[in-house]
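Working notes for the structure below.
The values are calculated or read from the model by the stated rules, or taken from the named source; none is laboratory data. Predicted model only: the values in this text are computed from it and were never measured. No Cβ is skipped: glycine too gets one built from the backbone with ideal geometry, and neighbour counts run over all protein chains shown.
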């Protein structure tokens, strides 16, 4: 066509020469690739065939190269390693402590066959098999363990490793401020440590055991700051409390008695002042400068109760004196004692108004052994003169305190489980019964008492009391607006308790008789102290207390208490 050019010469689609050449080249490339694949497949197959049944290539167990070995040979080499290494000390590190452990002594060994089996078989992944020619894979050993020996070894390590965290602080010793520097605490994780030893003792490298570390809340800078500040100032010289006509001086050697450094809730080291200790230390030296107030009291004179007058005193207000206690660590190191007038809690006028003028109730019991009489007279002596103010509660155990040989009590007879026995203070229950009845008829309010488990014929049935130091008490409350005074005395055969006060009530006791009798059991005891007894039946009884106005006779109250006595056993001795 006019105006058009022919295309450039070269191969054209559909040209027979182009098709033949391209196909030839493709066949050559395909043949080459196929040959490589065939060769690789052949090599892979040969490798699989040649290593079948062997430990996989590149495997190392307990530091022993066993890859490519028959399992039996690999196991033998591992056993040899275990026998050789089991007697050689292995370096062990736990926290900041270093040790050596002999595996055999710690019950550690290797199960060679199971360790080899744990390595598995050769991978069928061509890439894995190829890389195994150039790499090493450590397979953990399967341990053979004497658990008792291992536990003992781990416990021994823990004894050396474990330590509590130490908080920093400063103490006052011998007139010096002595620092305690903080230190972290550490605790061996025993179960994990045992597992780590089992798995890695044969690796040929130091075994690092896991520990739990606890850091202190303080650091050295905290301690140094307190040491250079308050602590050294506190012991710089004696401290003084000046009194009226005398001074109390505390030398640096004793400063620790009243001051200390403590860790507060925020983890800060702060000074603490012991006000009670300071009052005791300084107060002992200033005792001659104070006059304690004395309460009025009522005592029994030759003609009856009489008032012992109260006395005003002068004392130190320690709260005000020690308010600015940090002045004891500053220049001067002195505090002035603040004195105040001290007034009695019970004045003469108040004591005279207690109305302790007449005997309002009296009760006597009799019949006791010589030893019991010693105890009864001793407790009567202790209680004689006790004053119970309006609304107050009297406690026999609380008032006398301990009743042992040091207080003048002796061993005497008691009733234990229904038969005779002995104990220091025996017989006190007779005094308790006498006091209970006197307070009963004086109109006192029962605040706690307990009857005997077994009836004792010399006491009113259902209206008696027992006591036992530290367990069973006798208590009564004074419900009146006037005070009462207890007068107690005893002789060789009887004990009497009188209650002095102001008579406002008359009290009547009505016994409800006996019922529901129970038969005693028979028991046989042995020993030189055995005391035969014919026993006694148990029964139920009641007591009704009727309180009337002494002025009008009108009934104020009526109350009934029921008591069940156990039968006393019939005792035979052999």
From the list 225, 202, 248, 193, which residue is in contact with a strand residue (DSSP E or B) (Cβ under 7 Å, 6 or more places away or on another chain) and not assigned by TED's automatic domain parsing to the domain that holds residue 91? 248
Could you name every one of the strands (runs of 3 or more DSSP E) located completely within segment 205-274 that has at least 3 residues being over 33 Å from the mean Cα position of the chain (by Cα)? 239-242, 247-250
For residue 553, are the conditions met, namely being closer than 25 Å to residue 439 by Cβ, more than 46 Å from the chain's Cα centre (by Cα) and part of a strand (DSSP E or B)? no
Could you list all residues from segment 145-168 that are free of Cβ contacts under 8 Å to residues at least 40 places away in the same chain, in contact with a helix residue (DSSP H, G or I) (Cβ under 9 Å, 6 or more places away or on another chain) and surrounded by 15 or more Cβ atoms within 10 Å (Cβ to Cβ)? 158
Please tell me if residue 177 is modelled with pLDDT of 90 or more, farther than 22 Å from residue 68 by Cα and assigned to a strand (DSSP E or B). yes
Hits in segment 325-341 (condition: assigned to a loop (DSSP other than H, G, I, E, B) and at pLDDT 95 or above): 337, 338
Out of the residues in segment 90-104 that are modelled with pLDDT of 85 or more and in a loop (DSSP other than H, G, I, E, B), state the one that is surrounded by the most Cβ atoms within 10 Å (Cβ to Cβ). 103
Just checking, which of 351, 406 is more than 15 Å from residue 431 (Cα to Cα), in contact with a strand residue (DSSP E or B) (Cβ under 7 Å, 6 or more places away or on another chain) and either outside the structural domain of residue 425 (by TED's automatic domain parsing) or not in a loop (DSSP other than H, G, I, E, B) (or both)? 351
Being assigned by TED's automatic domain parsing to the domain that holds residue 508 and part of a loop (DSSP other than H, G, I, E, B) is the requirement here; does residue 560 meet it? no
Considering only segment 527-541, state which residues are assigned to a strand (DSSP E or B) and either free of Cβ contacts under 8 Å to residues at least 12 places away in the same chain or surrounded by fewer than 18 Cβ atoms within 10 Å (Cβ to Cβ) (or both). 540
